[in-house]
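Here the structure comes first, spelled out in structure tokens, and everything after it is commentary.
No lab work stands behind these numbers, since they all come straight from the coordinates. What you see is a predicted model; the values in this text were computed from it and never measured. Cβ placement follows ideal geometry from the backbone for every residue including glycine, while neighbour counts extend to all protein chains displayed.
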Amino acid sequence: MTDTTPDYAGLSRRLGALAYHIQQTGTADSQDAQTCLEVAYALSTLLERNKQIAALEAERDALAAENERLKEDRARFPDKPDDIGRMIEAHIGNLKAGKKNAEDLADKAFNRAFRAEAALAERDKEIADLNKKFEILKRAYDRERQRPIQILGSNAGGNQP
């Protein structure tokens, strides 16, 4: 198969050489030389754009081939996840692990709170028992204070010597 694409780089060089020759020999006016230089610049710009287009086409072809490969993989292995499926699966796995960790931490916090509540209930019972004992002792003390005091050696209303 023959390549029919024009040799833009060769044409550009030849036009540049022609413009130089025209300027040196003076066989054409400066406008002709300027036109040749402009055409040479346009051809070199066109050549550069063609290279960029070729690179983009190569990238497009590579992406199309990758797309076809993925389609074939999905057709051959419908249960096997593709690349994006693996990423989604990993993300879901991370979410599940995060949920489990959060639930574990919440369970620990609830257990600590329940233990603290039980300890407080025990302390409340102890305080209630101490309050009852205090009230009993206070009543006994008050009864003792209200009794008449008997002074030793004194006989109130008894025998006098």
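Listing for the model above:
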{"quantity": "Neighbour-count order for Leu43, Leu130, Leu152, fewest beta carbons within 10 angstrom listed first", "calculated": "Leu152, Leu130, Leu43"}
{"quantity": "Per-residue HN-Hα couplings for the range 122-137 [Karplus 6.51, -1.76, 1.60; θ = phi - 60°; Hz; x = Gly/Pro]", "calculated": "4, 5, 4, 4, 4, 5, 4, 4, 5, 5, 4, 4, 4, 5, 4, 5"}
{"quantity": "Set of lysines with alpha-carbon distance to Lys100 below 25 Å, sequence-local pairs under 8 removed", "calculated": "Lys108"}
{"quantity": "Leu47-Arg139 pseudo-label distance in nm [points 7 Å out on the Cα-to-Cβ vector]", "calculated": "11.7"}
